[in-house]
1. Would you check which residues across the stretch 24-47 are touching a helix residue (DSSP H, G or I) at 6+ places or on another chain (Cβ under 8 Å), surrounded by fewer than 19 Cβ atoms within 10 Å (Cβ to Cβ) and among the hydrophobic types (A, V, I, L, M, F, W, C) and list them?
2. If LYS207 satisfies all but one of (1) of a type outside the set (A, V, I, L, M); (2) closer than 21 Å to SER129 by Cα; (3) assigned to a strand (DSSP E or B), what's the number of the condition it fails?
3. Could you give me the residue pairs with C-beta distances under 8 Å whose first residue belongs to the stretch 215-231 and is free of Cβ contacts under 8 Å to residues at least 60 places away in the same chain, whose second residue is acidic (Asp, Glu) wherever it lies, and which are 6+ apart or on separate chains?
4. Quick check on my filter: what residues within the stretch 38-67 are closer than 24 Å to PRO218 by Cβ and in a helix (DSSP H, G or I)?
5. If I ask for residues that are part of a helix (DSSP H, G or I) and under 29 Å from SER143 (Cβ atoms), which ones from the stretch 1-37 would you list?
6. Within the stretch 25-56, restricting attention to residues that are free of Cβ contacts under 8 Å to residues at least 60 places away in the same chain and of a type in the set (A, V, I, L, M), which residue is nearest to ILE5 (Cα to Cα)?
7. Across the stretch 84-129, what is the total count of residues that are closer than 15 Å to ILE43 by Cβ, crowded, with 22+ Cβ neighbours inside 10 Å and out of contact with any His (no Cβ under 9 Å at 6 or more places or on another chain)?
8. Identify, from the list SER129, SER99, the residue that is in contact (Cβ under 8 Å) with a residue 12 or more places away in the chain and either assigned to a helix (DSSP H, G or I) or closer than 30 Å to ASN202 by Cβ (or both).
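Read-outs: derived from the displayed coordinates by stated rules, not from any lab. Here the structure is a predicted model, which is why all the values come from computation and not from measurement. All Cβ positions, glycine included, derive from the backbone under ideal geometry; neighbour counts span all protein chains shown.
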Amino acid sequence: MDKIILFGASGTLGKELIQLREFISPSHKEIDIINFNQTKEYIEKIKPSIIMHSAALVGAKECEENKEKAYQTNVLGTQNIAKTCLKNKIKLVYISTDSIFDGEKGNYTEEDIPNPLNYYSLTKLLAESFTKMLDSYLIIRTSFIPSNSFPYAKAFTDQYTCRMKANDLAKEIIFAVNHNLEGIVNITGEKDTLYNIIKKINPNIGKITRLETGLNLPKDLSLNTNKWKKIKEVYRNGA
């Protein structure tokens, strides 16, 4: 089995990933990815064949209010990991987001050109650019929610998305990693408004619109998953 370092194991997705296979998952106290020398020394000591990077400061509001922290965590941290991967020929699996797109058309494919509307989205796109510098990488564009809850009292009635439960996404990510997938792939659920998706797990969720937040939020973040479906079909048919 490949030796894999997982950054972000304490997050919503990370907690689901570590239920499915063995990872080396350092805490923030053990390693601060913002510190290049610390990151480099840790990775070179472990000598993994793959690094899975899901650590990030998330949320448009959080990142607008904490731009320096967002840049350091999402961009500089990824740069430090990518530089070390490049030097040591380590594959990087980067967990990206649907929100790198502007939401004007929806049904975005892996080939569509990103156009981030807010600072969080920009940091994630910049992180993708460092990941793409490597000879071996996998960028997974996705959107997810906790498996049985939602951290907010209200959900958008006017934003379309394809968010899926974190436990279901974790299974798909493990499948992609186990089959040594490379490049960029969209992995998400079915398109609906965020409100309708959340209502399935929380019937009492409140309603809110994007305009009410005062933030620049995309209208339709749905991702096209035809590429991922074809990949799974090929492998499950014995290729």
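1. Passing the criteria: ILE24, ILE31, ILE34, PHE36.
2. Going through the list (1) of a type outside the set (A, V, I, L, M); (2) closer than 21 Å to SER129 by Cα; (3) assigned to a strand (DSSP E or B), LYS207 breaks only (2).
3. Close Cβ pairs (under 8 Å, with a partner that is acidic (Asp, Glu)) amount to TRP228/GLU172.
4. Correct list: ALA60, LYS61, GLU62, CYS63, GLU64, GLU65, LYS67.
5. If the condition is that a residue be part of a helix (DSSP H, G or I) and under 29 Å from SER143 (Cβ atoms), then THR12, LEU13, GLY14, LYS15, GLU16, LEU17 are the ones that fit.
6. Among those that are free of Cβ contacts under 8 Å to residues at least 60 places away in the same chain and of a type in the set (A, V, I, L, M), it is ILE51.
7. The qualifying residues number 2.
8. SER99
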